[in-house]
Amino acid sequence: MKKYKGLLLKIIAYSAIILVFIFIATLDRPIKSEVFPLTSSAYQDANETNLMTILKGRLIKEPFNGIVTIIFFLAIAHSLSVNYFNSKAHELEHEFESLKLQGKISRDSKSMKATIYHFLGEVEVVFGLWAIVLGIACASYYDWGTFVSYINSLSYREPIFIIVIMVIASSRPILKLFELILWRIVKVFNGSIEAWWLSILLLSAFLSSFVTGPAAMTICAMLLADKFFVLNPSKSLKYTTLALLFVNISVGGAMTNFASPPVLMVVDVWDWNILFMFLNFGWKSIIAITIGTVSYFLLFRKEFKSLEKPHQDLQFKRYIQNRFISQKELEILFEDLEQNVDARMGYSKEVRAFSVILKDNLKAIARRKLTKEEIEEYEVDLAIDEKFESIANKQFRRTIPGLLSNEERDEYNDPDWDKRDDRVPFWIMGSHLLFMLWTIMNAHETILFLAGFLFFLGFYQITSYYQNKIEFRTALLVGFFLAGLIVHGTLQEWWIAPILGNLPPLGLNFASIVLTSFNDNAAITYLSTLVPNFPDTLKYAVVSGAITGGGLTIIANSPNPIGQSILKPFFKNGIEAGNLLKYALMPTAVAMIIFFVLH
């Protein structure tokens, strides 16, 4: 019990905090909730100009605003602390393994304590966990029906869209297609690691404006994992690459008016067409992205030189492996070899013979323990035969499947199936591209893109030989993360909207960048559309700030959790929020200056 004392104390402490929230929330409890959350007009402060007076008045009119904001910032603090939980989980796993080696616990057992810490260290589940706290507080202050009504009033189209586009964009034919396109480009520069790095990061910006940010993030993160992160660069270069990927995709999304979530929130309300976006944001985005990326490239030029030989060695190794070794042919040869050796040595026959002896020993034990009448009446031998053969056959399929006949074997799922380098037919690549374009074109029509996704799954099954395994877990976690962020973020309108509407252009631009770092940038631009009589200069300031700050944190831009999930394995103990912020500051500052100076 002592080993769980610390964990229990922490659970009690968190529970106490939740109970305090609930107690405070129940003070001055309203008899009935007519509207939750209150709309901006319900506060009746449109004529008030002092920001602090507005916030104070809104807090007095709706005290529950303070509770939801405290819960929101606790969720943010949790999301910034996931490295602690992951480090603690690894420490507990190491201690648990030591106990196994000492024989103090079963070798098949798992550390529940470490599993809990791992769960708390998954950044994708943080906002969902704190949504439970929000639900308890809301049900205590109002009632359960109020919380259910609020949850049902929200739109989850974007999380669902991201799940679908992630699955399609991470498919093998799509990745092979863009790898071929990039190969044509880097071939001009002799396929150097520098050319791959620059091409992928610059491509990410353009893709984010034409195939959406989530699709661009999926494609470019997986290409970076395969071409760059696999070389194990320094920690600083890893974070630099991740920061540039996040910033470039966020800033690059402003080249068009149909692909970036923060832009989509305002274009219809403010009537911004694609020409307007390019003339006011697009060309400036290109300049900012180029300066930020090239600056970091020059700063790490020496390290890129040191990575060139490992890169060339890896490429040549893959070339040799693919040219001289056919996986399918070699598997057939090994299968024949196993059968021939077994026929000559009689290994499987010996195993089966000894298994019969073991079964007879079990029957003998049963006969000694049971009466003659019981043995005859209940067919004890048949019962033992049935259970023994079931266990034996299962064990044979697990340990010596290659020595069994094809009928006796389980279907084998190759764990390295996704790493093969077989050619993908162009017609399959084209079909996948059409599925992705259909999803993007119908991004606002949930039923249509979900219907297309079901057809995609059918096509995937038909062409499974050329596909990799669909990774639903990562896509679902990212969707869950964004859904949780929507649940919490929507309730922050009471204080974010007044800030956006009561600042000068430069102050608003800076505030938009800061607010974006701990709330999705699409939420920031959406809230700005609720401010009445919003002048053009402030519209420009808030949108440029939202896209500029989209790379500062994982939660700043909806595609960022995708990149985090794909590239997290290359960072020991996960991605540290402080280091990501540190290396994202320079390209963020460049973008901020470009948008301000060239306005």
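Read-outs: derived from the displayed coordinates by stated rules, not from any lab. Nothing here was measured: the structure is a model prediction, and the numbers come from that model. Positions of Cβ are generated from backbone atoms using ideal geometry, with glycine treated the same way; all protein chains shown enter the neighbour counts.
Its residues counted as N, the range 521-599 yields a C-alpha radius of gyration over 2.2 N^0.38 Å of 1.29. Computed over the range 138-231, the P(r) curve from all C-alpha pair distances, binned at 5 Å from the origin, holds 2, 12, 18, 18, 12, 8, 6, 6, 6, 5, 4, 2, 1, 0 percent per bin.
Each principal axis of the range 116-181 carries a Cα extent, and these read 57, 32, 12 Å when sorted largest first.
In the chain, which whole DSSP H runs stretch at least 27 Å along their own axis (Cα) and average 0.5 or higher on the Kyte-Doolittle scale? Going by DSSP H runs, the hits are 5-26, 577-597. Shown here are the Rg and Dmax of the Cα trace of the range 195-251, at 10.6, 32 Å.
Each pair of Cα atoms in the range 433-501 enters the Kirkwood radius, and Stokes-Einstein at 10 °C and 1.306 mPa s then converts it into a translational diffusion coefficient of 106 µm²/s.
When peptides 448-461, 335-348 are ranked by their average number of other Cβ atoms within 10 Å per residue, the highest-first order is 448-461, 335-348. Beyond 19 Å in Cα-Cα separation lie the following of the pairs 369/394; 176/302; 363/387; 61/539; 238/317: 369/394; 176/302; 61/539; 238/317.
Of the residues 366, 170, 123, the one whose Cα sits farthest toward the positive end of the charge dipole of the chain, with +1 on the Cβ of Lys and Arg and -1 on the Cβ of Asp and Glu, is 123. For the range 235-388, dividing the convex hull volume of the Cα atoms by the residue count gives 341 Å³ per residue. P(r) for the range 415-532, from all Cα pairs and a bin width of 10 Å, is 11, 28, 24, 19, 14, 4 %, short bins first. Comparing the range 343-386 with the 2.2 N^0.38 Å rule of thumb, its C-alpha radius of gyration ratio is 1.50 (two decimals).
Using only DSSP helix segments of four residues or longer, with each worth -39500 (n - 2.57), what per-residue ellipticity at 222 nm results for the chain after dividing by its residue count and rounding to 500?
Numbers: 29 runs with 430 residues, N = 599.
Result for the chain: -23500 deg cm²/dmol, rounded to the nearest 500.
Size check on the range 275-322: the Cα extents along the three principal axes, sorted descending, read 51, 28, 5 Å. Ranked by the mean number of other Cβ atoms within 10 Å of their residues, highest first, the peptides 474-480, 233-239 come out as 474-480, 233-239.
Tell me, how many Å apart are the Cα centres for the range 262-341 and for the range 498-551? Spelled out, the Cα-based centre of one part sits 32 Å from the other. Extending 7 Å from the Cα toward the beta-carbon at both residue 537 and residue 59 defines two label points whose distance is 3.1 nm.
How big is the dipole moment of the chain about its Cα centre under a simple scheme where the beta carbon of each Lys and Arg is +1, that of each Asp and Glu is -1, and everything else is neutral? Debye, nearest 20, please. Working shown, then result.
Details: 55 positive and 54 negative charges, 354 e Å.
It comes to approximately 1700 debye.
Length gained on full extension, residue 210 to residue 94, computed as 0.36 nm times the residue gap minus the Cα-Cα distance: 37.1 nm. Modelled this way, with points 7 Å down the Cα-to-C-beta line, the labels at residue 395 and residue 441 are 5.9 nm from one another.
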